[in-house]
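Okay, structure first, notes after.
The values are calculated or read from the model by the stated rules, or taken from the named source; none is laboratory data. Predicted model, so just to flag it, every value in this text is computed and none were measured. Note that we place each Cβ from the backbone using ideal geometry, even for glycine, and neighbour counts take in every protein chain shown.
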Amino acid sequence: MDSFTGRAQTCTNQTGNLLLNETFGQGNNRPSLVGKMTYAYTDDPCPVDGKYTVTNRVDGNCFLTAWHSIGQDHTGNANGNLLIINASAEPGVFYQQSADGLCGGASYEFSVWGINLLEPGSCTTTLPPYLAVSVESASGRVLEQVDLGIIPETTQPTWTRYAAVFTVPDTDERVIIKLINKQGEAGCGNDMALDDLQLRQCTSCTPLSVFAPDAFTPNNDGLNDEFVVRLRGVYSYNLNIYDRWGSVVFSSNTLSDRWNGTYNGALCLPGAYSWVVSYQFAGSSEVSEQYVQKGRVLLLR
């Protein structure tokens, strides 16, 4: 079975951090797509309009032999599953998946492999699936929308890769990836097999500044009682605080941890303390380089 890349919008770094990888499982080990698919699931190997199924093969006898016969998934695994869709006559979102940990300013690639299930010559007038991807915030704000293109008819079932690269703006919201079929007519066609939906990071996250107070007063008055470092979007993190003699009085690898001005349960003396923060972002090659920032904080009593 042939395969090729169908779109020019691809990530030049194909070894980047893989954030999503939906393969649809193998054989009877099918993932639940509840909450992801907007179409209704069916066990019928030949789903009707507005329905989908997950299977490891497509019967060429579907709809009086109108569909291709497919005996393996995109990777060539005979037991690997694919997503079989008989699309609705109404255009719109049919698959969606949330993505956490995306950072502002970094570029990401969404990709999917697809086959037009319709055999050429099956109908006088045919409707090819027309895919697009929408990147939205959790509140519904569209960050970017890109056409992936039409999945054309082929004489043999041919896997084609469709991809789009987008850049995430600086936002604290979770990002939702939505796959859209823009084909909006009733008729013969609009049927597809999809496999290996992926979201890959193309470029590294931009380092952010570490925010930490210059002083704090651990006197239990509810104001600046603890020293806390503020930093978001990190993959790994470590904070060490040192007294004037270079001894560590506080250490943590959890951003939510705070120093209350004590060491082993005893109050630390007022004065200046040095802190060192080292951190990494999820980057374009699994993990970014390590960044280190230093500062001083005044403990007041």
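When region 94-140 is examined, which residues are found to be of a type in the set (Val, Ile, Thr) and within 17 Å of the chain's Cα centre (by Cα)? Spell out the reasoning first.
Residues of region 94-140 that are of a type in the set (Val, Ile, Thr), as a first pass: 112, 115, 124-126, 133, 135.
Listed by number, the residues that qualify are Val112, Val133, Val135.
crowded, with 18+ Cβ neighbours inside 10 Å, part of a strand (DSSP E or B) and more than 15 Å from the chain's Cα centre (by Cα), is that true of Ile176? The answer is no for Ile176. Within region 95-144, being within 13 Å of Leu199 (Cβ to Cβ), of a type in the set (A, V, I, L, M, F, W, C) and out of contact with any Leu (no Cβ under 7 Å at 6 or more places or on another chain) holds for Leu102, Ala106. Considering every residue within region 53-63, establish whether at least one is within 20 Å of Pro129 (Cβ to Cβ) and among the small types (Gly, Ala, Ser). Yes, because at least one residue in region 53-63 is within 20 Å of Pro129 (Cβ to Cβ) and among the small types (Gly, Ala, Ser). Considering (1) touching a residue at least 40 places away in the same chain (Cβ under 8 Å); (2) exposed (fewer than 14 other Cβ atoms within 10 Å of the Cβ), the lone condition that Thr155 does not fulfil carries the number (1).
From the list Val142, Val228, the lone residue that is out of contact with any Cys (no Cβ under 6 Å at 6 or more places or on another chain), more than 28 Å from Thr10 (Cβ to Cβ) and among the β-branched types (Val, Ile, Thr) is Val228.
Is it the case that some residue within region 235-247 is surrounded by 19 or more Cβ atoms within 10 Å (Cβ to Cβ) and assigned by TED's automatic domain parsing to the domain that holds Tyr279?
Within region 235-247, one or more residues are surrounded by 19 or more Cβ atoms within 10 Å (Cβ to Cβ) and assigned by TED's automatic domain parsing to the domain that holds Tyr279.
For the condition touching a helix residue (DSSP H, G or I) at 6+ places or on another chain (Cβ under 7 Å) and surrounded by 15 or more Cβ atoms within 10 Å (Cβ to Cβ), what is the one hit in Cys62, Cys46? Going through Cys62, Cys46 in turn, just one is touching a helix residue (DSSP H, G or I) at 6+ places or on another chain (Cβ under 7 Å) and surrounded by 15 or more Cβ atoms within 10 Å (Cβ to Cβ): Cys46.
What strands (runs of 3 or more DSSP E) completely inside region 1-117 contain at least 1 residues that are more than 22 Å from Lys182 (Cα to Cα)? Don't jump to the end; show me each part of the working.
Working: elements: 3-5, 18-22, 51-55, 82-86, 92-99, 107-116.
Filter on region 1-117 gives 3-5, 18-22, 51-55, 92-99, 107-116.
A search for C-beta distances below 7 Å between a residue of region 248-274 that is assigned by TED's automatic domain parsing to the domain that holds Val228 and any residue that is among the polar types (S, T, N, Q) and exposed (fewer than 13 other Cβ atoms within 10 Å of the Cβ), counting only pairs 6+ apart in sequence or on different chains, returns Cys268/Thr262.
Report yes if some residue within region 21-34 is β-branched (Val, Ile, Thr), assigned by TED's automatic domain parsing to the domain that holds Ala132 and crowded, with 17+ Cβ neighbours inside 10 Å; otherwise report no.
So the first thing to find is which residues in region 21-34 are β-branched (Val, Ile, Thr), and the list is 23, 34.
Now restrict to residues that are assigned by TED's automatic domain parsing to the domain that holds Ala132: 23, 34.
Of the ones still in play, those that are also crowded, with 17+ Cβ neighbours inside 10 Å are 23.
Yes, that holds for at least one residue.
Rundown of residues vs (1) buried (at least 20 other Cβ atoms within 10 Å of the Cβ); (2) assigned by TED's automatic domain parsing to the domain that holds Lys294; (3) free of Cβ contacts under 8 Å to residues at least 60 places away in the same chain, yes/no style:
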| site | (1), (2), (3) |
| --- | --- |
| Met192 | yes, no, no |
| Thr206 | no, no, no |
| Leu223 | no, yes, yes |
| Glu226 | no, yes, yes |
| Arg230 | no, yes, yes |
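Picking from residues in region 122-151 that are in a loop (DSSP other than H, G, I, E, B) and of a type in the set (Ser, Thr, Tyr), the one that is nearest to Leu179 (Cα to Cα) is Ser139.
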